[in-house]
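Below: the structure, in structure tokens.
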Amino acid sequence: MVDATSDASARARALRREPLRALFVVWSCAAAIHALAAGLARPAAGPPPWVPIRLDPSTASVAELGLLPGIGEERARAIVLHRVRHGRFRSADDLTAVPGLGPKSVAALLPDLCFEAAESPN
């Protein structure tokens, strides 16, 4: 038979350990959060990953066109200027008329371009 004193002392010992357990849990969570934050905040090595995009040169802005490989700000402005002066690009062949873009340049851009059908007036 367990007497009341030993039962009370066992409960007192357990209660004294509870703050230590709680402190351990808090410390463990803080360490996990710190490790996660350190991993997320670490800059990636090398250039950022390339995300494939497909742009319609008839609607893309200078900034968007400048994202295409091999197209800098200068060529992007030429594309937009040609579009303003001559209208939509209906195919890749239309892009060869832009100063600074030849058949090879346009062929290299084809995987990143899409040509939407012209909107019909209602």
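The values are calculated or read from the model by the stated rules, or taken from the named source; none is laboratory data. Predicted model, so just to flag it, every value in this text is computed and none were measured. Cβ sites come from the backbone with ideal geometry, for glycine too, and all protein chains shown count toward neighbours.
Every residue, every condition in (1) buried (at least 16 other Cβ atoms within 10 Å of the Cβ); (2) over 29 Å from the mean Cα position of the chain (by Cα), yes or no:
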{"site": "Gly66", "(1), (2)": "yes, no"}
{"site": "Gly72", "(1), (2)": "no, no"}
{"site": "Val84", "(1), (2)": "no, yes"}
{"site": "Phe89", "(1), (2)": "yes, no"}
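Look through Glu116, Glu74 and report the one residue that is more than 18 Å from Arg54 (Cα to Cα) and charged (D, E, K, R).
It is Glu74.
Modelled with pLDDT of 65 or more and not assigned by TED's automatic domain parsing to the domain that holds Phe115: does that describe Val26?
Taking the combined requirement at face value, the residue satisfies it.
Could you identify the single residue in Ile53, Ile71 that is assigned by TED's automatic domain parsing to the domain that holds Val98, at pLDDT 85 or above and among the aliphatic types (A, V, I, L, M)?
Among Ile53, Ile71, only Ile71 is assigned by TED's automatic domain parsing to the domain that holds Val98, at pLDDT 85 or above and among the aliphatic types (A, V, I, L, M).
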